[in-house]
Amino acid sequence: MTTPVLQIRDLHLRFPLGRSMADVAMGRPGRVVNALNGVSLDLNRGETLGVVGESGCGKSTLARCIVRLYKPSEGEVCFDGQDIFGADQRSDRSYNRRIQMMFQDPYSSLNPRMTTGQILAEALRVHEMRPDHEIPARVSELLELVRLPQDAQHKLPHEFSGGQRQRIAIARALAVEPEVLIADELVSALDVSVQAQVVNLLLELQQELDLTILFVAHDLRLVRHVSNRVAVIYLGRIVEIGDSETLFSDPSHPYSQALLSAAPSLDPDDRGKATKLEGELPSPLNMPSGCPFHVRCRHASEICKKQVPSLLPFEGRGEVACHHVEEINAHA
C-alpha cells in the first residue's frame, strides 16, 4: 500500500480585500477572494501528482500553501503526520529543507548579482548541508547532476538561456536534499524543445534520488507524460482525481471532460468534437452556491445549485465530485 508523505485536508484560503468607500457607506462587509475552497488530497511517496485546471483556479495557490508561503484560513497540511502550520511546527526549519519549490520564472527567483556557484553555495551553507571545505566539491556535483558545465558556476543568471536557468533552479532545490519537489509551471515559459529536455531531466532525477513531485501545469499533454496521478481543480476545489492514463482516456467529471476535449489534438478527425464550456469562469469574489461548476454545466439540476458534491470514489477509476456522475458516465 502506498504511503502518503503529504496529506491535505479541507484546505481553505481566503484573501480579504478590505472595505471600499462604497462598502463603508452602505454598511457592507469587505470583499473576500475565495482562493481555495476545501481541497483534500494525498501525495504518495515516490509518485508524481499532476495538478491541472484553468488559470485562476487555485493551482499555484495550493502549491504556495504547501511550502508555507501562504497560511490557510482553515484546514490542515500534514507532512509525516505533523500539521506544518501547528504551533510546534512553524519554527521547524527542517520542513523548509525537505519540501522545495521551483517557480515558473527562474530569472526572477535567482539573485542576479550572485554567480551560479554562489547561489548553490548559499543554499548549502544556510541549511548546513556540508562543512565549508566540502562546499566547492558539492557545487560541482550539483552542476553535473543537472547537466551543466563546470564553468557555469562562475557566470551570472543573465548569461544563461531560460532552460539553463531552470536547471540552476533545480540544482538549488536539490542542494538541500529534499524529499518532495513542488514544480509550479516549471517549463511553461520555455520553448517546447527545451521543455522536453528539462522535464526528462526532472524524471531522471526523480528515479535517481527517489523524489516525490507535485507537478502544477496547464499543459495537459505534458502532465499526462510526467504524472502517475492527476488532480483536476476548479475554483479552488478538486473535482476529480485519479490514475493519469485512466483520467486522460476516460474522464468522469463534466469539467474534466470539457477541459481534456479542448486540448489541441494532432488528429484531424477530432476537429470540432470538443465539449464546449458554457459561460466564463466565475469570480472567486462571488462564488456560486452549491456545486461551483453548475453555472457552466449542461447536466446541472436543482441539487447542483444548492448542495456542494463530495469527492467520492467512482467505479474504481478515482474520486469524483459530481451529483450526476453515474448518469453522465452511463454506457448504453
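Worth pointing out:
- Remark: GLU302 falls outside the filter, which requires a residue to be at pLDDT below 90 and among the charged types (D, E, K, R).
- Residues considered: SER140, SER188. Of these, the only one that is modelled with pLDDT of 95 or more and not charged (D, E, K, R) is SER140.
Residue-wise test of (1) surrounded by fewer than 16 Cβ atoms within 10 Å (Cβ to Cβ); (2) free of Cβ contacts under 8 Å to residues at least 24 places away in the same chain; (3) over 20 Å from GLY163 (Cβ atoms).
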| site | (1), (2), (3) |
| --- | --- |
| ILE99 | no, no, yes |
| MET102 | no, no, no |
| LEU110 | no, no, no |
| GLU122 | yes, yes, yes |
| ARG125 | yes, yes, yes |
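- PRO16 passes every criterion in (1) at negative phi; (2) assigned to a strand (DSSP E or B); (3) touching a residue at least 24 places away in the same chain (Cβ under 8 Å) apart from (3).
- Criterion violated by THR246 - all others in (1) crowded, with 20+ Cβ neighbours inside 10 Å; (2) out of contact with any His (no Cβ under 8 Å at 6 or more places or on another chain) satisfied: (1)
- From the list LEU222, LEU201, LEU190, LEU205, the one residue that fits, being assigned to a loop (DSSP other than H, G, I, E, B), surrounded by fewer than 22 Cβ atoms within 10 Å (Cβ to Cβ) and either in contact (Cβ under 8 Å) with a residue 24 or more places away in the chain or out of contact with any Lys or Arg (no Cβ under 9 Å at 6 or more places or on another chain) (or both), is LEU190.
- Hey, LEU49 more than 30 Å from GLU208 (Cα to Cα), assigned to a strand (DSSP E or B) and aliphatic (A, V, I, L, M) or not: no
- The residue list ALA171, ALA231 contains one member that is in contact (Cβ under 8 Å) with a residue 40 or more places away in the chain, more than 22 Å from ASN96 (Cα to Cα) and buried (at least 21 other Cβ atoms within 10 Å of the Cβ), which is ALA231.
- Conditions (1) among the polar types (S, T, N, Q); (2) touching a strand residue (DSSP E or B) at 6+ places or on another chain (Cβ under 9 Å); (3) surrounded by fewer than 16 Cβ atoms within 10 Å (Cβ to Cβ); number of the one not met by THR61: (3)
- Exactly one residue out of LEU124, LEU148 is farther than 19 Å from ALA183 by Cα, assigned to a loop (DSSP other than H, G, I, E, B) and either basic (Lys, Arg) or touching a helix residue (DSSP H, G or I) at 6+ places or on another chain (Cβ under 7 Å) (or both), and it is LEU148.
- Single residue of the range 1-53 satisfying the filter (farther than 26 Å from VAL199 by Cβ and among the hydroxyl-bearing types (Ser, Thr, Tyr)) that is modelled with the lowest pLDDT: SER20
- Pairs, first within 14 Å of GLU74 (Cα to Cα) in the range 25-44, second polar (S, T, N, Q), C-beta under 7 Å, six or more apart: ALA35/THR61; LEU36/THR61
- Residue that is surrounded by the most Cβ atoms within 10 Å (Cβ to Cβ), among those in the range 66-89 that are in contact with a strand residue (DSSP E or B) (Cβ under 9 Å, 6 or more places away or on another chain) and small (Gly, Ala, Ser): GLY75
The values are calculated or read from the model by the stated rules, or taken from the named source; none is laboratory data. Computed from a prediction, not measured in an experiment: that's the story for all the values here. Neighbour counts run over all protein chains shown; Cβ positions are idealised from the backbone, glycine included.
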